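For reference, the structure is listed below as structure tokens.
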Amino acid sequence: MDRPLLNRRLASLGTTIFAEMSELAVATKSVNLGQGFPDADGPAEIAEAAANAIRSGRGNQYPPGAGIPELRRAIADHQRRFYGLEIDPGSEVLVTAGATEAIAAALLALVEPGDEVIAFEPYYDSYAACIAMAGGIRVPITLRAPAFRPDIDELRAAITDRTRVILLNSPHNPTGSVFTGAELAAIADLACSRDLVVISDEVYEHMVFTGEHVPICTFPGMRDRTATISSAAKTFSYTGWKIGWVTGSPEMVTAVRTVKQFLTFVSGGPFQYAIAQALTLPDDYYRSIAADLVVKRDLMCDGLAAVGFDVFRPDGTYFITTDIRPFGDVTGLDFCRRLPGAVGVVAIPMQVFYDDPEAGQFQVRFAFCKRKEVLTEALARLAGLQPG
Ligand SMILES: Cc1ncc(COP(=O)(O)O)c(C=O)c1O
């Protein structure tokens, strides 16, 4: 494949929208509810642990390729504590440069050129790019408003002899949909009966307000065909540290590790020590993540509805999808380009995350992982919008 062709395939609007909106936010001094990162750091003792690791010379040189043993053990313990999974930290855990590298390395490891990869759109923006980098063909299954449920019949019909991977993301960014046990069981059945691999991006595993998060690898027949991905970024509010991980069978982890070795080799040595400590935080800490966020979700959902948006209340994650049609005949892209200048708020147009040009045309995403006073200020500004 020649380079320009590959680059054209990567250069979708989704790859540039965050930069465009972040620049607009700065230029207009807007409240930025675009990109999904918190405006407050995670637990102070975890930052202190990272600083201590640097000062004491732990992790300042290349850590082991699979990640430091302390972190791999802590990840295995986390999977046992929350999901009852027994995982061998020696052969079934790989530490990566964030979930982003885990997704890229898994796709590059498991997809051959021409293989089809089924993913639920709207997509997290790295999915389409990484499938393209692997030479795969993405096959979208659209999650449709208002409930954003996966249509299992559509999924069944989309599987062909070329299908290799189902790329799953629950809790789902950007819709906030949390797949139910029945939906996951149906997806697992299809993966087993059609001999597919599942790459399961579970970075929002601790941000569920309604229902519960169940890793798809816990379903019968799934343990050896699933690469489960998560990250410290969301759970501990240290998005800049880029500590993620993959768990799966030794064969799966070895395959992903072989690619990872030539992407970054290793990363984040001192942060690995800090996240090993973070993962041992008590259950109360984990409970507080969703408990804090649900208050913000309700503040924002109620506030956005009062301003005039049609709001789809999310069951998980820290994103809210809205429909902007009450504000007149304007696409989400145009709406988001005008919003900073009009009222001083930045949001993300969801149409850039769909292959189906119709599906997300009027949807706009707001992130609510911000301090309460910031959300209140954003709502006060949005009150200046005129419903059309
Ligand atoms: C669904 C999803 N997967 C992966 C990531 C990336 O995680 P990390 O920062 O650990 O690379 C994000 C971050 O926004 C995300 O929303």
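Quick notes on this one:
- Filter result (open to solvent by 40 Å² or more (accessible area, probe 1.4 Å) and either within 14 Å of the chain's Cα centre (by Cα) or within 11 Å of the ligand (Cβ to nearest atom) (or both)) within the range 204-239: 239
- Candidates 61, 79, filtered to the one that is farther than 14 Å from residue 268 by Cα and of a type outside the set (D, E, K, R): 79
- Taking the listed residues 311, 307, 346, the one that is under 21 Å from the mean Cα position of the chain (by Cα) and within 17 Å of residue 387 (Cα to Cα) is 311, with no other qualifying.
- Meeting the requirement of 3 or more residues that are open to solvent by less than 40 Å² (accessible area, probe 1.4 Å) and not basic (Lys, Arg), the strands (runs of 3 or more DSSP E) wholly within the range 282-388 are 319-323, 363-367.
- Check on residue 374, touching a residue at least 12 places away in the same chain (Cβ under 8 Å) and either touching a Ser or Thr at 6+ places or on another chain (Cβ under 8 Å) or acidic (Asp, Glu) (or both): no
For every residue, the table says whether it meets (1) of a type in the set (Gly, Ala, Ser); (2) away from the ligand (no atom under 16 Å from the Cβ); (3) farther than 19 Å from residue 248 by Cα; (4) free of Cβ contacts under 8 Å to residues at least 60 places away in the same chain.
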position: 88; (1), (2), (3), (4): no, yes, no, no
position: 103; (1), (2), (3), (4): no, no, no, no
position: 133; (1), (2), (3), (4): no, no, yes, no
position: 142; (1), (2), (3), (4): no, yes, yes, no
position: 146; (1), (2), (3), (4): no, yes, yes, no
position: 177; (1), (2), (3), (4): yes, no, yes, no
position: 188; (1), (2), (3), (4): yes, yes, no, yes
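- Residues of the range 77-103 satisfying the condition of being within 22 Å of residue 187 (Cα to Cα) and over 13 Å from the mean Cα position of the chain (by Cα): 79, 82, 83, 84, 85
- Checked against the criterion of being open to solvent by 10 Å² or more (accessible area, probe 1.4 Å), within 16 Å of the ligand (Cβ to nearest atom) and out of contact with any Asp or Glu (no Cβ under 7 Å at 6 or more places or on another chain), the candidates 128, 182, 119 yield just one match: 128.
- Scanning the range 148-172 for residues that are among the aliphatic types (A, V, I, L, M) and in contact (Cβ under 8 Å) with a residue 40 or more places away in the chain turns up 158, 159, 165, 166, 167, 168.
- Residue in the range 259-282 that is farther than 30 Å from residue 52 by Cβ and within 16 Å of the ligand (Cβ to nearest atom) present: yes
- Listing of helices (runs of 4 or more DSSP H) fully contained in the range 34-119 that carry 2 or more residues being in contact with a Gly (Cβ under 7 Å, 6 or more places away or on another chain): 98-110
- Those residues of the range 58-73 which are more than 16 Å from the ligand (Cβ to nearest atom) and either on the phi > 0 side of the Ramachandran plot or open to solvent by less than 40 Å² (accessible area, probe 1.4 Å) (or both), in sequence order: 59, 63, 65, 66, 68, 72
- Flag for residue 184 being within 17 Å of residue 230 (Cβ to Cβ), in a helix (DSSP H, G or I) and within 18 Å of the chain's Cα centre (by Cα): yes
- In the range 240-256, residue nearest to the ligand (Cβ to nearest atom) [restricted to those that are assigned to a helix (DSSP H, G or I) and either crowded, with 19+ Cβ neighbours inside 10 Å or modelled with pLDDT under 95 (or both)]: 241
- The sole residue among 201, 189 that is over 14 Å from the mean Cα position of the chain (by Cα) and charged (D, E, K, R) is 189.
- Considering the range 1-52, the residues that are among the charged types (D, E, K, R), over 16 Å from residue 236 (Cβ atoms) and within 22 Å of the chain's Cα centre (by Cα) include one that is modelled with the highest pLDDT, namely 20.
The values are calculated or read from the model by the stated rules, or taken from the named source; none is laboratory data. Just so it is clear, the structure is predicted and the values come from calculations on it, not from any experiment. Positions of Cβ are backbone-derived with ideal geometry, glycine not excepted, and every protein chain shown enters the neighbour counts. Quick note on the areas: whole protein, heavy atoms, side chains included, nothing else; ligands and nucleic acids left out. Shrake-Rupley method; radii C 1.70, N 1.55, O 1.52, S 1.80 Å.
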